[in-house]
1. Of the residues 140, 208, only one is surrounded by fewer than 16 Cβ atoms within 10 Å (Cβ to Cβ), within 23 Å of residue 357 (Cα to Cα) and either among the hydrophobic types (A, V, I, L, M, F, W, C) or touching a residue at least 60 places away in the same chain (Cβ under 8 Å) (or both); which?
2. If you check residue 185 against the conditions, is it open to solvent by 20 Å² or more (accessible area, probe 1.4 Å) and either modelled with pLDDT of 95 or more or of a type in the set (Val, Ile, Thr) (or both)?
3. Quick check on the stretch 211-224: of everything there that is part of a helix (DSSP H, G or I) and free of Cβ contacts under 8 Å to residues at least 60 places away in the same chain, which residue is surrounded by the fewest Cβ atoms within 10 Å (Cβ to Cβ)?
4. Hey, residue 145 hits all of (1) out of contact with any strand residue (DSSP E or B) (no Cβ under 6 Å at 6 or more places or on another chain); (2) outside any loop (DSSP other than H, G, I, E, B) but one; which does it fall short on?
5. Checking the conditions here, which among 126, 114, 99 is at pLDDT 95 or above and surrounded by fewer than 18 Cβ atoms within 10 Å (Cβ to Cβ)?
6. Would you check which residues across the stretch 273-286 are in contact with a strand residue (DSSP E or B) (Cβ under 7 Å, 6 or more places away or on another chain) and either free of Cβ contacts under 8 Å to residues at least 40 places away in the same chain or over 17 Å from residue 106 (Cα atoms) (or both) and list them?
7. Please work out if residue 374 is at pLDDT 95 or above, within 19 Å of the chain's Cα centre (by Cα) and among the hydroxyl-bearing types (Ser, Thr, Tyr).
8. In the stretch 188-205, how many are open to solvent by 10 Å² or more (accessible area, probe 1.4 Å) and farther than 17 Å from residue 172 by Cβ?
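The values are calculated or read from the model by the stated rules, or taken from the named source; none is laboratory data. If you're wondering where the values come from, they're calculated on a predicted model, not measured in any experiment. FYI the Cβ positions are ideal-geometry reconstructions off the backbone, even for glycines, and counts take in every protein chain you see. The area values use the complete protein model at the heavy-atom level, side chains included, leaving out ligands, DNA and RNA. Shrake-Rupley method; radii C 1.70, N 1.55, O 1.52, S 1.80 Å.
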Amino acid sequence: AQAILAQAAWAWDTILPRAQHPQAPLCSAPPRGMVQARAALAARALALLLLAQPSSSDDTCSAGGACASAPGGLAKVRLGLEWFTNPDHLPLIVAQRHGIFADFGLDVELVEPGDHWEAEQEIIAGRLDVAVTEPLHLALDAAKGKPVYGFVRFLHTDGGVMYDPAKSGIRRPRDMCGKTISYPGSPGPGGPAIVNTMVKADGGSCDLGSYGKHNGGFYHTDALLSGEADVATLIFWNFEIVEAKSRGMAEASFFSLKDWGVPDFCQLVLMTTPTRFGDMKGTLRKLVLALRKATGVIHQQPGTARAYYAEHIGGAPTNETERATLDATMAATLPAFPNDGFMASEYYERLMSWLVETDQVSAADAAKTKVSSYWTNEVAW
């Protein structure tokens, strides 16, 4: 299986680019026969890998003790994603497909949310052990008194507020004053807090009440293309900007959080509950080490990582536009996986201060929410 995967990776990285016309765009599709050949290689590899995998089990880490053993003596870990499977989850997919989790004695099941879920409640109920979240949500949940505990970062991309200058006339952050914002959680304070911070950082002054609010969920591109919003947040540039351009928004742009006064929370972390962390500390350390090794595979063998992702989603897209979009998304995402999973306590202190400044968290709640109560680097070294 590994040999076949190596062939697929080599075909992706070497044969396909050379098969394109020298003047063709970087994302243009290779000849149809070559795509079919690569798909066949991936299918053969997937079949062999599935035969080699241990059978699934309902065993998991109990709330009162160590992880139960899955078949083959592996510790079962149920890991909940924050969204549908996408390239942001590549370290998890590579660790699973490359046998890295198994090498560390882990049987990790990746669980997509059927709908919105409260991850900590799923963990308390025993349906999950670990979940993916963002630093922003981790801090907000901690301030609400929820039992959340983050322990490693695995993605750090760029992102912020997306806009279409051709349609909105927006050229700089202060031009967003009074515009309609699409954001999950509307009409809550989150979207205007991000946008107004940027407006102020650009020297503008804007009444919070002047902003229009649209709840387009996570469908940011749809909100802008439909005209229901002028700007959308929070977007990751490696995903939404690529998507928007592939759907005809040729000038799709964004204002980065890090450039305009907003704490940079365009990151993904793993969290559990404090109780489950104590129960599973040894297992979670192995999980961190496995992700670190998978990150090395991604950076050193990007073709192999791409092949694993194609297998995971059932094969690379055959539609030329979809394939080009996936290629561009992958190219933008591959550099976004850090080797270091640490996050400084000062980062979370600044984030909490911003949440207070923008009236998303009360000063009283922030004062009693110590960083050490919801974030640890104990297993991230």
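1. Details: 140 fails: surrounded by fewer than 16 Cβ atoms within 10 Å (Cβ to Cβ).
Exactly one of 140, 208 is surrounded by fewer than 16 Cβ atoms within 10 Å (Cβ to Cβ), within 23 Å of residue 357 (Cα to Cα) and either among the hydrophobic types (A, V, I, L, M, F, W, C) or touching a residue at least 60 places away in the same chain (Cβ under 8 Å) (or both), namely 208.
2. Details: open to solvent by 20 Å² or more (accessible area, probe 1.4 Å): yes; either modelled with pLDDT of 95 or more or of a type in the set (Val, Ile, Thr) (or both): no.
Considered against the rule, which asks whether it is open to solvent by 20 Å² or more (accessible area, probe 1.4 Å) and either modelled with pLDDT of 95 or more or of a type in the set (Val, Ile, Thr) (or both), residue 185 comes out as no.
3. The initial filter retains those residues of the stretch 211-224 that are part of a helix (DSSP H, G or I), namely 220-224.
After this cut, where a residue has to be free of Cβ contacts under 8 Å to residues at least 60 places away in the same chain as well, the list is 220-223.
On the way: 220: 27, 221: 26, 222: 17, 223: 23.
The extreme case among them is 222.
4. If we test residue 145 against (1) out of contact with any strand residue (DSSP E or B) (no Cβ under 6 Å at 6 or more places or on another chain); (2) outside any loop (DSSP other than H, G, I, E, B), just (2) comes out false.
5. Numbers: 126 fails: at pLDDT 95 or above; 114 fails: at pLDDT 95 or above.
Selected residue: 99, the only one of 126, 114, 99 that is at pLDDT 95 or above and surrounded by fewer than 18 Cβ atoms within 10 Å (Cβ to Cβ).
6. Within the stretch 273-286, 273, 274 qualify.
7. Details: at pLDDT 95 or above: yes; within 19 Å of the chain's Cα centre (by Cα): no; among the hydroxyl-bearing types (Ser, Thr, Tyr): yes.
Criteria not met by residue 374.
8. Within the stretch 188-205, residues that are open to solvent by 10 Å² or more (accessible area, probe 1.4 Å) and farther than 17 Å from residue 172 by Cβ number 3.
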